[in-house]
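Okay, structure first, notes after.
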Amino acid sequence: MQKTEEIRDRVVLVGLSSPVLKKEENADEGTMEELAALVETAGAETIGTVLQNRPSPDPRTFIGEGKVEEVRDFCRANGATMVIFDNDLSPSQMRVLTESLGVQVLDRCGLILDIFAQRARTREGRLQVELAQYQYLLPRLTGMWTHLERQAGTSGKGPIGSKGPGETQLETDRRHIHRKIDKLREDLEDVRRVRSTQRQRRQKNEIPVVAIVGYTNAGKSTLLNRLTDAGIPANNRLFDTLDTTSRLLTVSDTLDVVLSDTVGFIRKLPHQLVEAFKATLEELEYADLLLHVVDVSNPEWKLQAQVVDNLIQELGAGELPRIEVYNKSDRVPVGEILPHGEDICAISAKTGEGVDRLLEMIDKRLDKGTRRVTLHLPYDKGGLLDMLYREAKVEAVEYGQTIDVTAVCGPKTLGQVEPYLEKAEG
């Protein structure tokens, strides 16, 4: 008998739309569907959805007392174990709602953090998620300890001994979390230093970096697998890949690049995660080219592409050269016209359609004068061979009257070996 994956929770989704909220903070049918997909990724089951319109959020319960009663009754009748809000909740709202509904209450931010904690595999990924979780938890500590503080009050009428321990525990927890955050930031700085060293080595070797970016589940990992045989799990679910993967890709006879996959973006991505993952995403700043992968089979692909554009700007990579890669084009209805232009390529990473054209476009955008050359080095210039091994791609060496070298060189290296050049091909 096939073993089925155990359902972690039975979840009711709640969203609020209000004219006083920013457009990106409002819930709608699209964001609720995405929230349900996130719940599935987290290993839970959605059993009901409540989408409400209000002139303004209720300061205490966010959705109002009447709607809270309606959600509570639904939870009891259907055996729900959790309620997840598509909007961000304040710590006090989360505490009031948890008490009123009688089940655990989470907001979208908390859910995404939980998924990231499940998915992170590398030490760096786990550090980043842990930092984001502590930053999320810190402002919510007061709400968690309010029951002790309220019992004590300021009048001295609370139970004896309740005031001191409550406040002491709160302050102890705060100090502990601040210490953890400082330590995690130090560890992530070490990661940045290692990345910086690797980056300098690549620059020295004149190897360009191409970063794959895009909305979660747009097909970034599938594209990396298609181009490099990376063998990364590529499943049809949100945030399936969190840890950055880099592979060497031979684009053409004269061009090798480092191809880096990055964590997927999403609407309402918790700002703690954007901050925490800057150690990974700062690779974008130093990339020579971005491949923005867009899932054109998704009805909301234009909105998703805009979310990615905004985050690229926020990360300081807005000026980088970019190719828009319209993926899953094999699933677009016949007759639908996709955008086209010099920096746009329609592909199917799954079937391989359009991938050759994408490689041609990458080659064209990154052509920096790299050439395959044949060199004849006198033996007293043997030191140049060491330099070629360090800074070029040496393909063959033959020893005769001279040291005959076939290599792929960048402009800087070509300048140093030009006197011994027999021929160069582009």
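The values are calculated or read from the model by the stated rules, or taken from the named source; none is laboratory data. Note that the structure is predicted; figures quoted are calculated from it, not measured. In this analysis, Cβ positions are derived from the backbone assuming ideal geometry, glycine residues included, and neighbour counts consider all displayed protein chains. Only protein heavy atoms, including side chains, enter the accessible area calculation; ligands, DNA and RNA are left aside. Shrake-Rupley method; radii C 1.70, N 1.55, O 1.52, S 1.80 Å.
Quick one: would you say residue 422 is at pLDDT 90 or above and farther than 24 Å from residue 258 by Cβ?
no
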Discussion item. Quick check on region 104-118. Is at least one of its residues surrounded by fewer than 16 Cβ atoms within 10 Å (Cβ to Cβ), free of Cβ contacts under 8 Å to residues at least 40 places away in the same chain and acidic (Asp, Glu)?
Written reply: no
Worksheet entry | Scope region 70-104; condition in contact with a helix residue (DSSP H, G or I) (Cβ under 9 Å, 6 or more places away or on another chain) and part of a loop (DSSP other than H, G, I, E, B); matching residues | 80, 81, 86, 87, 88, 89, 90, 102, 103
Practice prompt. Collect the residues in region 323-364 that are open to solvent by 70 Å² or more (accessible area, probe 1.4 Å), within 20 Å of residue 208 (Cβ to Cβ) and at pLDDT 90 or above, keeping them in residue-number order.
Written response: 356, 357, 360
Worksheet entry | Qualifying residues in region 242-258 (those that are open to solvent by 30 Å² or more (accessible area, probe 1.4 Å) and not in a strand (DSSP E or B)) - the one modelled with the highest pLDDT | 253
Worksheet item: For residues in region 299-317 being crowded, with 18+ Cβ neighbours inside 10 Å and in contact with a His (Cβ under 9 Å, 6 or more places away or on another chain), which is modelled with the highest pLDDT?
Response: 305
Worksheet item: Looking only at helices (runs of 4 or more DSSP H) that fall completely inside region 316-426, which ones have 2 or more residues that are touching a strand residue (DSSP E or B) at 6+ places or on another chain (Cβ under 8 Å) and closer than 20 Å to residue 228 by Cβ?
Response: 355-365
Discussion item. For the structure I just gave you, tell me whether residue 397 is of a type outside the set (Phe, Trp, Tyr), open to solvent by less than 20 Å² (accessible area, probe 1.4 Å), modelled with pLDDT of 90 or more and within 27 Å of residue 249 (Cβ to Cβ).
Written reply: no
Worksheet item: Would region 402-423 turn up any residue that is open to solvent by 30 Å² or more (accessible area, probe 1.4 Å), of a type in the set (Asp, Glu) and either touching a residue at least 12 places away in the same chain (Cβ under 8 Å) or touching a Cys at 6+ places or on another chain (Cβ under 6 Å) (or both)?
Response: yes
Practice prompt. For region 215-231, name all the residues that are out of contact with any strand residue (DSSP E or B) (no Cβ under 6 Å at 6 or more places or on another chain) and either open to solvent by 30 Å² or more (accessible area, probe 1.4 Å) or modelled with pLDDT under 75 (or both).
Written response: 217, 222, 225, 226, 229, 231
